[in-house]
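Shown next, in structure tokens, is the structure this report addresses.
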Amino acid sequence: MLKVYSHTDADVKPLLPQVSKYTEMAELMKLPFWIFAEGSKPIGIVTAGKEPLQMLAPIGTPVAVINLIQKGQHARVLKNFASQSLKLALENDAQLVTVDISSEEKNTVDSFLEMDFKVLADSFTMTLPLNREFGMPKNLELRLAPREEMNKWIEAARESLSGSADVVMERILKQLSEFPENLLDLYYSMEKFYFANLDGYGIGILNFSPKAGRISNVGVTPSRRGQGHGREMMLFGLRQLRAAGCRQAKLRVHVDNKPALSLYKSLGFEVSERRKFLIWEDEAA
Ligand SMILES: CC(C)(COP(=O)(O)OP(=O)(O)OC[C@H]1O[C@@H](n2cnc3c(N)ncnc32)[C@H](O)[C@@H]1OP(=O)(O)O)[C@@H](O)C(=O)NCCC(=O)NCCS
């Protein structure tokens, strides 16, 4: 029997240590969350909040994030979790609900799809051990974007990432361009944002997180693709991650993004997981 505990319930305490990885953000941001459990086993979590929690809709839009914790559960339990978690999200007025889930959880993915969730992204997580040197760029100048050029960086990113199969990033960039200055400050503090210049002209962007050991985006302006710049920018990013002490680099790439996949594979990245990012949106909102 699936039971729901609110984060304020007195009897939720014994479950908290098992789910700390998923509740960290909610606790930090003081967001309400609910744990679904079968006996003493937590199955999943629903966190309610407002944009820019997911950066997919205008600021203030009520959203909910569903996390699956216990994998390999009986299909009936997972189906039950999927329907109850959406119901709870809607009771909390969510206009947008997301689930980030391993593709291996096929039954659960199907349960969400049956409830009108759509696949917003189908991507590979790739990793590369940083156990070798990466050279300095020969042709490009990589320039760290100062905070006052963040809007320029976002514009350059919209152009450089265009045509990619990744619609999530497209939506995030659209929302970012409407961010107030205080939220842009926060975003800027989270990653390193670079412009790639060739002979003084902007030809691409790169951003990465030394803290997470992640290359977040690499993009070359469409007319300059296929000339070796993407590779040079990636090598620069990997060099920076290694210099920051990261032992491994990770990234996500849409399964249909052939140029990017082939670039990452040629650098030695290997697929570690395939994940689906599912979204339910209130059509009337
Ligand atoms: C992915 C991207 C950054 C590659 O940059 P690029 O400058 O065009 O790539 P390069 O010229 O440096 O090529 C490097 C490698 O990428 C791969 N590649 C590049 N273009 C390719 C294409 N059209 N088809 C297949 N592989 C391709 C090849 O493996 C190539 O190596 P090779 O030249 O030895 O064959 C660029 O295509 C881009 O900006 N795409 C849109 C944004 C995007 O999808 N970013 C990744 C998001 S995760």
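The string of couplings for region 43-54 from the Karplus curve (6.51, -1.76, 1.60, θ = phi - 60°) is 9, x, 9, 10, 10, 10, x, 10, 4, x, 4, 10 Hz, one whole number per residue in order, with x for Gly and Pro. Near G245, within a Cβ-to-Cβ distance under 13 Å, what is the net charge of the other residues, with Lys and Arg +1 and Asp and Glu -1? Residues close to G245 contribute a combined charge of +4. Here each label is just a point 7 Å from Cα along the line to Cβ, and for E149 and V4 those points are 4.9 nm apart.
Arrange the following residues from fewest to most other Cβ atoms within 10 Å of their Cβ: L198, L267, L128.
Numbers: L198 18, L267 15, L128 21.
By the 10 Å Cβ count, ascending, the order reads L267, L198, L128.
Remark on N217: its backbone amide H falls under 5 Å from those of N207, a criterion applied only to residues 5 or more positions apart or on other chains, H modelled at 1.01 Å from N. Using alpha-carbon positions, what is the distance between the centroids of region 127-198 and region 27-99, in Å? Using only Cα atoms to place each centre, the spacing works out to 29 Å.
Per-residue ellipticity at 222 nm for the chain, helices alone: DSSP H runs ≥ 4 residues times -39500 (n - 2.57), over residue total, nearest 500 deg cm²/dmol? Intermediate values should be presented prior to the final figure.
Numbers: 8 runs with 94 residues, N = 285.
Roughly -10000 deg cm²/dmol at 222 nm, from the helical runs in the chain.
When the charge dipole of region 129-274 is built from unit charges on Cβ atoms (+1 for Lys and Arg, -1 for Asp and Glu) and taken about the Cα centre, the candidate among Y188, G204, N131 whose Cα reaches farthest toward its positive end is N131.
Would you please give the FRET efficiency between L16 and R225, computed as 1/(1 + (r/R0)^6) with r the Cβ-Cβ distance and R0 = 45 Å, to the nearest 0.05?
Working: r = 48 Å, r/R0 = 1.07.
E(calc), rounded to 0.05, equals 0.40.
Structure shown: which of K21/K152; K50/K79; K13/K71; K192/K265; K138/K265; K21/K138 lie over 30 Å apart, alpha-carbon to alpha-carbon? With Cα atoms farther than 30 Å apart: K21/K152; K21/K138.
Ordered by the count of other Cβ atoms within 10 Å of each Cβ, fewest first, D11, D122 give D11, D122.
Read-outs: derived from the displayed coordinates by stated rules, not from any lab. Quick caveat: nothing in here was measured; it's all calculated off a predicted structure. Please note: Cβ atoms are built from the backbone with ideal geometry, for glycine as well, and neighbour counts cover all protein chains shown.
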